[in-house]
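Let me begin by presenting the structure, written as structure tokens, before commenting on it.
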Amino acid sequence: MQFPEAPGMGSVGVDDLRGGKPRYRHLNTQAEGTLMRRIAMLVFALFLSGGVSVLHAQDRQLTGRVTAGETGAGIAGVAVSVRGTTATTFTNDDGSFTFRVPNRTVTLVVAVIGYRTQELSVPVGQQTVQIELDVDALALDELVVTGAATAMSRQVLANAVSTVSDEELDRAPAATIEHSLQGKVAGAVIDGNSGAPGGGVQVRLRGVSTINGVSEPLYVVDGVSMSNAAIPSNQNAVTRAGAGSNASNNQDAVVNRIADLNPEEIQSIEILKGASAAAIYGSQAANGVVIITTKRGQVGRPRFNLTQRFGVFDLSNTLGFRQWETFDEVAAFFLDPSESTAADTAAMADLYGSGQAFQHEELLAGRNDLSYETNLSVSGGNEATRYYVSGLVKNDEGVIDNTGVSKEALRVNLDQRLGERFNLQVNTGLTHSVANRGLTNNDNSGTSFYMVFPFTPNFVDLRERADGTFPANPFERSNPLQTASLIVNDENVWRFTAAGNLTTNVVTRPQHELSFILGGGVDWFNQENDLFFPPSLQFEPLDGQPGTRLEGQANNLNANISANAVYTFRPEGASWSSTTSGGYSHLDQDLEIVRVEARSLTGGENQIDAGTNIQVFDNRQRTKVEGVFVQEELLLLEDRLLLTAAMRADRNSNNADPTDFFYYPKAAASFRFIEPSSWLDHLKLRAAYGESGNPPLFGQKFTPLDASTNIGGLPGLVVVGTTGADDLKIERQREIETGFDATMFGARASLEVTYYKKFVSDLLLSRSRAPSTGFTTEFFNGGKLETQGIEVALAATPVRGPINWTTRATFFKDASEVTELPVPSFRTGGFGTALGAFQIEEGASATQIVADISEGDSSFVATVGDANPDFKLGWVNDIDIGGFNVYFLWDWQQGGELINLTKLLYDFGGNTADYDTDPQFVERIGPVEIMDTLTLGERRVTGFGVETRPYIEDASYLKLREASLSYTLPEDLVQGMWGTGVDRIRLTLSGRNLLTFTDYTGLDPEVSNFGNQPIARNIDVAPFPPSRSFWLSVDVNF
Amino acid sequence: MMTIDRKRSRTAALPTAMLAALGAFAAAACGDELVVPDFNNPGLEELQNNPTRAAVLNAAQGLLISSRAQISSANGYVSLLGILGRESYNFDGSDPRFVTEMLAGAGLNASSPAFGGNLWTVRYNSIRTANVVINALDGLSDNDMSPAEKAAVRGFARTLQALDFLEIINTRDTNGAVIDVDRPASEPAGPIVSRDAVFDHIESLLDQANSDLAAAGASFPFSLGAGYSGFNTPVTFSEFNRGLAARVAVYRGNYGEALTALGQSFLDTSAPLDLGVYHTFSTGSGDTQNGLAASPDILAHPSLDDDAQMNASMELDARFTEKLEVLAAPETQQGISTDVGFLLYSGLGDPIPIIKNEELILLRAEALLGLNMPEDAADDINFIRVNSGGLDPIANLGTQSADAILDELLYNKRYSLLFEGGHRWIDMRRYGKLDELPLASTGHRVHERFPVPEAECLEQTGGETGICSAGS
């Protein structure tokens, strides 16, 4: 079997023009004086070199047609280009093209997404050409990013890079882009933090990379570093969640802002999972890099794509309540015989009434209002100008009253050829969303919905009265139905991203290609949190300050500039080629958060200045990163051997010395055996090594004085207790990765197996000082961590023909170990050992959970679990039968433990569904069965403080993440009814999270009270309940 | 378009241009633009190394804030010491340790930052702030700040630093504390020294401060705020300084010194009893609110109702009726109940006394009693009984036994200084009377002192010695 040569590496043009991924990626910028001068110099250099053009020899006319191998139908939009020139054309609707090419033997490169790329030699004199392309069902030929400005065919790649295409992304509507990646990427643990509409999802690539540093991957969208900041709403001012033993304000059910991306606009997502692939992103790449490419215009007439969806969200799980059989049972539990009077008993009897059981959870979260989504895009253009415009309007109605997300998005992507040598890309995206997220997660004020239910027996009627008022909850400080009905907790986000790239192909000759790519872009968002708690709420007057109005304003600007050069050398007649690239990038991230808390609202007005107790908070964080890199990629032995070496140097303003450069080398090699056996088309062995960094958090290097407080209006500066080390610097990650890729059975199956190991050193740690120094905490670098794992990705098309069946499976597992810790073992996250905590300890897994346990008469702290799953497995099936398509995705997580504190709360309230379950068998002595004297719930509560294990639960689950059934109307029917103006109509029934199988007794094993965390996820405290969604969609292409 | 020889320029000029451009980027990369300041806070080192008059004065005012830290919070100085001295309870349902650790248990826990390990760190933050201020003065020229102004700042800072040390040793007592703290930030902590050494240090600070104040001219170069109203010039502030010195002298049993200091303090039987220096609070943005007012869980000990005396008209001690109320229904938590609540600190802006005229009079009574002048002591005690409590004077009090007079003195200190900073617990400990405090339940006990916090112990001793253990 003949493998086509990989498309020319490093040249910018072919794939770029055909609407695929641009080959250049870059970091960032800012606009300051010195920098502008440097850019001006570079632009000058660009134009200088651009002036040197290559004149054409005589041309000839070439006509041809590109068809699909299986059906013989013409393929539209195929890019046909001549290797070694900038000449490119595109096929029209029936697959044919006409093209002027040099009058010599030329190599045509024929490429389009979804088909295997083909190259063929056309000798002098040949006027016509017929080209048949094979379907690339397994995406063997896709281009994958290898550098800031280079890409390469998956065939030769030396790293395991996962890619997810638009077709794989939009099978079932997802709240955010991360949801649509769940179960599809080997090495990525993607877990929601709760069922709240609008997002809050953590993506962890290749296990643990840090303990105290940033744990989010870097998101690069069309070359612009996009903020994934998670900014709390400050509902904490009312829930007082941070007033307990964990002061974190991340308990606000926070949305990480990558949620703003519109999945419909995305062409593909590439995931560089570790330092070995992402080293050229330097100090930002410790947690991997997610490279997102939005859709671009395709040459041809305007093609419209309309998708209309209607759906509903439906509560998918409840916890239930203890069933009270008799009033005696109620009295025995709630009334203390030594204290209570006859009046107390009468009052309780009155509350109990007839003992009717109310389903509070369904009353709160039983809503099934209609949700909708409308997406319209148009794409088209000619060889000079191409456009892609997309608009989105959607509204997801949450299962709880007054919750949901509405979102509008607009994207305009333009490609413009400027003369023969310049190509300009402009990408702009605007999104607006309003999320109403209810009041969930931990509290210390009896206000969060699922913090109230544990203490509210189900005989209490909380329902709205006929006059519109709600009864007070006699067992807690709030009535969740009233709270849901009256509060405002809106997150209103505007986001604008714009990126521009100017590419010039300075030299395009068969042997030499040189191009410069100048890029710049901004990503800006404003997040406004409007929260209002009117005085009529049951809990509002309790602090003597009726009514609370909270306002949060967060503004973030990421500004990027980059300049890259790529030089490809392909000696005539030689069996090797070389691509050299280098570049400069600058990123400036600037985030400011201003919050106002107004309490005791005059007249209960929903107005900040109606507050009589007003507090203002301000925080600003800014980080600048500047880097340069060089990279050499050598493709030898007729593309069988790839050798890559690269070096990035960057400096980061969060380091104690911001002028100090840190160096991140990378080296990789792959070797391909072509058809080593009859069934094995192609076997590739690969190995890669790379380094990356994780910078200190903003502010950690400083020894601050607090200037934010005053006394009676008198300002003052005070020592606050943290000191930064003079040499605070990045954490260093070194990663090795090795594996093999195989293609089998005539490209019917592919297998990718990868082993990796990460060595993280100079961990960012804090050490406690003797407080008598006036300081409590000092940040420093020290200690080591290792994480290793394997990843397997299998894809196959077992059946092809009238029935097409494509199946993909991913399997991966990883484990971490803290190998060196220069400070005593310490706990991170959680609420202390009585409630389960994470303990960082030398020789142990970084994600181990410790808790109080008892054996015999002694109670002590011991390891009781590990949040990290044993393995994850995703399985996608995609079956075409006639006009029908059946698709489903199973997502299986095995192992990992969760800390179920919601259950603990229910136990404290004597309200767990199984609280009253009969005593358990303890032991058998002879013929006698010894039974526990306590019920299940009583036994668990009795152990509080000495035995935490009943609340440490297995997090294994199997979810039917996505399923769809679609039907494409027959072409003749469509054209019979609507004429030739309509290309395709498809009807789809789809659903997300339709089925969940788990032994976990909480609402959903995907949960994190503290949001996205490096270590301390998997803590369940009163989350927003989970839902499944069902959708009916119509897609019309015209 | 350039009209140079293209064939040659392609091979030579282009890479040169590219390299020149990249080189320009690298060369210009001197890195200054990478410097990002701390937008949220001024730097400590800046104040130490390049002090300005304005910054030093701001830091001096900062002492008003740092000395107020954790005074009024639900687990602050007033509340926790109030619980130990059986003045108050905290029935916070979400934290059982207000009962399990504070009232019961083997002892206070050095590793619980909110309880046994509390009331240490914030005081040393404040002490560090005072040293930063004092040291920064050396970096200011006489033109920036006159010697008299510097003396005023020094006298103020040392007085508040002495107050911080006093609050530390009040909680740690015989466990001792660290006094060698004026070290560079990077150096390890000084040793833990005995209670006596700490008291010596406090006396020395107060005396140095008083000398500074004598040289300080007519006014402070900064504002002391409403809490120091009447004590905001070096002369009047010195009377506050002497008041603190008198309290320390009485605590140490140096009654003669105490009387001397009281003579130089603002003690004045013709002035209002609540004349004094206060921590102030407000709901202004960035200010601190009186947390004792905000918490509905903070309640008074029921013995206050039982023990309050009445006058001949069967009127309850006015201090009870002004500061406390009997609740309509008792509140219960973990089997403990009380039917007495606080009227004190009803507003988020209510001040908390640091020291007041009423205490000075009672300190004088105590000193006189200690110097075996019971008649004079009795006069002061009766003065407070009548003028503060609305009670009848006790006839012939001065002729009763020293123990009886002491008990009466302690009764008056209890109600006069109720819930103002652990006076009850400290006084009863000084006289070995902690076992006389009422226990709500068997198994309860009165903890005698706070342990040295775990974080301090780990660095100081590896956590081995008794001062670090949970022992009370």
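The values are calculated or read from the model by the stated rules, or taken from the named source; none is laboratory data. Here the structure is a predicted model, which is why all the values come from computation and not from measurement. Quick reminder, even Gly has a Cβ in these numbers, built from the backbone with ideal geometry, and neighbours come from all protein chains shown. Note: areas computed on protein heavy atoms with side chains; ligands, DNA, RNA excluded. Shrake-Rupley method; radii C 1.70, N 1.55, O 1.52, S 1.80 Å.
A few comments on the model shown:
- Residue that is charged (D, E, K, R) and within 12 Å of chain A (Cβ to nearest Cβ), where the choices are B:Asp92, B:Asp144, B:Asp138: B:Asp92
- Check on A:Gln589, at the interface with chain B (Cβ under 8 Å from one of its Cβ atoms), in a strand (DSSP E or B), within 31 Å of the chain's Cα centre (by Cα) and over 30 Å from A:Pro535 (Cα atoms): no
- Restricting the search to strands (runs of 3 or more DSSP E) fully inside the range A:754-858 and requiring at least 2 residues that are open to solvent by less than 50 Å² (accessible area, probe 1.4 Å), under 26 Å from A:Leu958 (Cβ atoms) and among the hydrophobic types (A, V, I, L, M, F, W, C) gives A:784-799, A:803-820.
- Taken over the range B:417-472, residues that are open to solvent by 10 Å² or more (accessible area, probe 1.4 Å), assigned to a helix (DSSP H, G or I) and modelled with pLDDT under 85 amount to 8.
- Verdict on A:Ser966 being open to solvent by less than 30 Å² (accessible area, probe 1.4 Å), under 21 Å from A:Asp396 (Cα atoms), part of a strand (DSSP E or B) and touching a strand residue (DSSP E or B) at 6+ places or on another chain (Cβ under 8 Å): no
- Restricting the search to strands (runs of 3 or more DSSP E) fully inside the range A:34-127 and requiring at least 3 residues that are modelled with pLDDT of 80 or more gives A:59-68, A:79-82, A:96-102, A:106-111, A:118-122.
- Search result, residues across the range A:197-216 that are of a type outside the set (Val, Ile, Thr) and open to solvent by less than 10 Å² (accessible area, probe 1.4 Å): A:Gly199, A:Gly200, A:Gln202, A:Leu205, A:Arg206, A:Ser209, A:Gly213
- A:Ile608 more than 11 Å from every other protein chain (Cβ to nearest Cβ), surrounded by fewer than 20 Cβ atoms within 10 Å (Cβ to Cβ) and of a type in the set (Val, Ile, Thr): yes
- In summary, B:Leu160 fulfils each of the numbered conditions (1) under 26 Å from B:Lys433 (Cβ atoms); (2) buried (at least 22 other Cβ atoms within 10 Å of the Cβ) with the single exception of condition (1).
- All positions within the range A:984-1021 that are over 17 Å from the mean Cα position of the chain (by Cα), open to solvent by less than 60 Å² (accessible area, probe 1.4 Å) and among the acidic types (Asp, Glu): A:Asp1004, A:Asp1020
- Among the residues making up the range A:531-551, a single one is touching a helix residue (DSSP H, G or I) at 6+ places or on another chain (Cβ under 7 Å) and modelled with pLDDT under 90: A:Asp543.
- Selection status of A:Glu675, charged (D, E, K, R), more than 30 Å from B:Ala60 (Cβ to Cβ), modelled with pLDDT under 90 and open to solvent by 20 Å² or more (accessible area, probe 1.4 Å): yes
- Residues in the range A:165-192 that are at pLDDT 90 or above and within 30 Å of A:Leu643 (Cβ to Cβ): A:Val185, A:Ala186, A:Gly187, A:Ala188.
- For the range A:128-150, residues that are in contact with a Phe, Trp or Tyr (Cβ under 7 Å, 6 or more places away or on another chain), in a strand (DSSP E or B) and either among the β-branched types (Val, Ile, Thr) or within 27 Å of A:Gly519 (Cα to Cα) (or both) total 1.
- Subset of the range A:240-260 [open to solvent by 20 Å² or more (accessible area, probe 1.4 Å), out of contact with any Gly (no Cβ under 7 Å at 6 or more places or on another chain) and free of Cβ contacts under 8 Å to residues at least 40 places away in the same chain]: A:Ala247
- Residue within the range A:560-569 that is assigned to a strand (DSSP E or B), more than 14 Å from chain B (Cβ to nearest Cβ) and not hydroxyl-bearing (Ser, Thr, Tyr) present: yes
- The set of residues in the range B:227-268 that are within 14 Å of chain A (Cβ to nearest Cβ) and crowded, with 17+ Cβ neighbours inside 10 Å comprises B:Gly227, B:Tyr228, B:Asn232.
- Where helices (runs of 4 or more DSSP H) fall wholly inside the range A:261-352, the ranges with 1 or more residues that are surrounded by fewer than 21 Cβ atoms within 10 Å (Cβ to Cβ) and more than 20 Å from the chain's Cα centre (by Cα) are A:327-334, A:342-352.
- Boolean, A:Gly391 is at pLDDT 95 or above, assigned to a strand (DSSP E or B) and open to solvent by less than 40 Å² (accessible area, probe 1.4 Å): yes
- Qualifying residue in the range A:722-743 (condition: away from chain B (no Cβ under 14 Å) and within 30 Å of B:Glu454 (Cα to Cα)): yes
Here's the yes/no breakdown for (1) facing another protein chain (nearest Cβ under 10 Å); (2) crowded, with 24+ Cβ neighbours inside 10 Å:
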{"site": "B:Glu46", "(1), (2)": "yes, no"}
{"site": "B:Pro51", "(1), (2)": "no, no"}
{"site": "B:Val56", "(1), (2)": "yes, yes"}
{"site": "B:Ala60", "(1), (2)": "yes, yes"}
{"site": "B:Ser66", "(1), (2)": "yes, yes"}
{"site": "B:Ala69", "(1), (2)": "yes, no"}
{"site": "B:Val78", "(1), (2)": "no, yes"}
{"site": "B:Gly82", "(1), (2)": "no, yes"}
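- Scanning the range A:702-744 for residues that are of a type in the set (S, T, N, Q), in a strand (DSSP E or B), open to solvent by 20 Å² or more (accessible area, probe 1.4 Å) and over 28 Å from A:Val214 (Cα atoms) gives a single hit, A:Asn710.
- Residue in the range A:858-869 that is modelled with pLDDT under 90 and out of contact with any strand residue (DSSP E or B) (no Cβ under 9 Å at 6 or more places or on another chain) present: yes
- Just one residue in the set A:Asn505, A:Asn555, A:Asn529, A:Asn489 is touching a residue at least 24 places away in the same chain (Cβ under 8 Å), open to solvent by 40 Å² or more (accessible area, probe 1.4 Å) and part of a strand (DSSP E or B); that residue is A:Asn555.
- Of all residues in the range A:863-885, exactly one satisfies the criterion of being in a strand (DSSP E or B), polar (S, T, N, Q) and closer than 29 Å to A:Ile952 by Cβ, namely A:Thr863.
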